[in-house]
């Protein structure tokens, strides 16, 4: 598998993990992201540059306890991931059913006014920062 493709698979798992909402996240300052469809607005694996549409696009679909994510980067095959998730406070946990049970944790912010979900997660030493717009 090409190194860039491996990073994209890890990114899909990380992004999905980070974008999930469920359980007991309380408080108006960082509400739980609602179930529904989100469009990727940007992602980055620092120190690499930030990728945005039209170079990178994607969709995240959240349900009660599951997620589905697809990420498309120009010149690459689409990357998909799905699995289960839970949130506690400002942290989340996710288990990918696509990527051999990869488990990840991280932090997120969700702005109810703008519908923007921002995620910062590290899995296997790779940090991923992504932003998703509620559709």
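Give just the number: which of (1) at pLDDT below 95; (2) in contact with a helix residue (DSSP H, G or I) (Cβ under 8 Å, 6 or more places away or on another chain) does residue 72 not satisfy?
(2)
I'd like the full set of residues that are assigned to a strand (DSSP E or B), in contact with a strand residue (DSSP E or B) (Cβ under 7 Å, 6 or more places away or on another chain) and within 16 Å of residue 32 (Cβ to Cβ), limited to region 106-120.
106, 107, 108, 109, 110, 116, 117, 118, 119 - these are the residues of region 106-120 that are assigned to a strand (DSSP E or B), in contact with a strand residue (DSSP E or B) (Cβ under 7 Å, 6 or more places away or on another chain) and within 16 Å of residue 32 (Cβ to Cβ).
Any residue at all in region 15-36 that's modelled with pLDDT of 85 or more, out of contact with any helix residue (DSSP H, G or I) (no Cβ under 8 Å at 6 or more places or on another chain), under 20 Å from residue 135 (Cβ atoms) and assigned to a strand (DSSP E or B)?
Yes.
Let me spell it out: the conditions are (1) at pLDDT below 90; (2) touching a strand residue (DSSP E or B) at 6+ places or on another chain (Cβ under 6 Å), and residue 64 meets all of them except one. Which number is the exception?
Result: residue 64 fails condition (2) only.
State all residues of region 101-110 that are at pLDDT 85 or above, buried (at least 16 other Cβ atoms within 10 Å of the Cβ) and under 12 Å from the mean Cα position of the chain (by Cα); if no residue qualifies, say none.
106, 108
Hey, could you check region 32-49 for residues that are surrounded by fewer than 14 Cβ atoms within 10 Å (Cβ to Cβ), over 13 Å from the mean Cα position of the chain (by Cα) and touching a residue at least 40 places away in the same chain (Cβ under 8 Å) and say which is farthest from residue 120 (Cα to Cα)?
36
The values are calculated or read from the model by the stated rules, or taken from the named source; none is laboratory data. Keep in mind that what you see is a predicted model, and the values were worked out from it rather than measured. Note: ideal-geometry Cβ built from the backbone for every residue, glycine included; neighbour counts use all protein chains shown.
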